[in-house]
1. List the equivalent ellipsoid semi-axes of segment 195-274 in whole Å, largest first, each obtained as the square root of 5λ for an eigenvalue λ of the Cα gyration tensor.
2. Near the amide H of residue 266, under 5 Å away, which other amide H atoms are found, from residues 5 or more places off or on another chain, if H is placed in the peptide plane?
3. With label points built 7 Å along Cα→Cβ from the Cα atoms of residue 285 and residue 183, find their separation and express it in nm.
4. List the residues of segment 132-165 whose backbone N lies under 17 Å from a point placed 7 Å from the Cα of residue 195 along the Cα-to-Cβ direction.
5. Which of 33, 261, 76 comes first, and how do the rest follow, when ranked by fewest Cβ neighbours within 10 Å?
6. Return the single residue from 140, 193, 164 with maximal mean-square fluctuation; model: Gaussian network over the chain, springs between Cα atoms under 10 Å.
7. Can you list the equivalent-ellipsoid semi-axes of the chain, largest first and in whole Å, using the square root of 5 times each Cα gyration tensor eigenvalue?
8. Can you sort 205, 63, 89 from fewest to most other Cβ atoms within 10 Å of each residue's own Cβ?
Amino acid sequence: MTKGVWEDGRVRIRIDLAYDGTDFSGWATQPRLRTVQGTLEAALATALRLQQVRVVVAGRTDTGVHARGQVAHLDLEAAVLAASAGRSTEPPLLALQRRLNGILPADLRVHAVTEAPEGFDARFSAIWRRYAYRVADTPELVDPLTRRHVLAWPRPLDLDAMNEAAGALVGLRDFASFCKRREGATTVRTLLELEWQRDELGVATARVVADAFCHNMVRSLMGCLLAVGEGRHPVTWAAEVMSAGRRDPRVVVVQAHGLTLEEVGYPEGAELLAQAERARARRTL
């Protein structure tokens, strides 16, 4: 058996991709809607000369959310991958990347197609996901050229107050107060980092890192902290919302377009499979 090819003749490939989420109805395939998954899988099927393919993704993004560092994987027969290169003298994975970017629309790009290491699972092997949320909170910061990925906020924000409030949310916790519940799904997550800073232009940017996120979690956290930052609630409010253990109607799920999935982190070697096994277990406090 050659390197990377399983005994049944299949190979797992990793796909690193980026997209502008503005004109997509989220990641997951939905009938009659333009989605990232549907667009990517259609391009893969064309490039590989297959009727249908299915990919597994690191994190499903909502409608309007962007990604610079999204990761997916795909299993296919090694012979299919080799045949897809046709007469190209390039390695099959590089040829596949070039073909995909020739098929895909301009708002979805594949940055790399590589052979996945043993034990790799795009979703379950991930140990953290890093998001950024960007807010222009003064008139001079509102740039029409960045309007698709930076939220225009009508009042100045106190980042010190927001960071003080955020400190109470970091750690292994039940984020039921900030998540849209799904039947049978846990809301327990480990929030590793939550911090606001201003970038070189002055745009307020939140760095949000967790082992995983539940539905609407990041945008709800942002809505809570923005309310603190503009002075509508004290810095203790975030902790109060968390301790309630249920959705607070005063916490607004802010607009999706300010949110970008920046990077997904993975361990190395045997830890890939070990992490995948741990991640499949139900989280508890």
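Nothing in this text is a laboratory measurement; each read-out follows from the coordinates by a stated rule. The model shown is predicted, which means the values in this text are computed figures rather than measured ones. Cβ atoms come from the backbone with ideal geometry, glycine included; neighbour counts cover every protein chain shown.
1. Largest first, segment 195-274 gives 27, 18, 11 Å.
2. 127
3. It works out to 2.6 nm between the two label points.
4. 132-134, 159-165
5. Working: 33 12, 261 26, 76 18.
So the residues, fewest neighbours to most, are 33, 76, 261.
6. The residue that fluctuates most here is 140.
7. Working: eigenvalues 274, 98, 47 Å².
Semi-axes (√(5λ), whole Å): 37, 22, 15.
8. Numbers: 205 19, 63 16, 89 6.
Least crowded to most crowded, the residues run 89, 63, 205.
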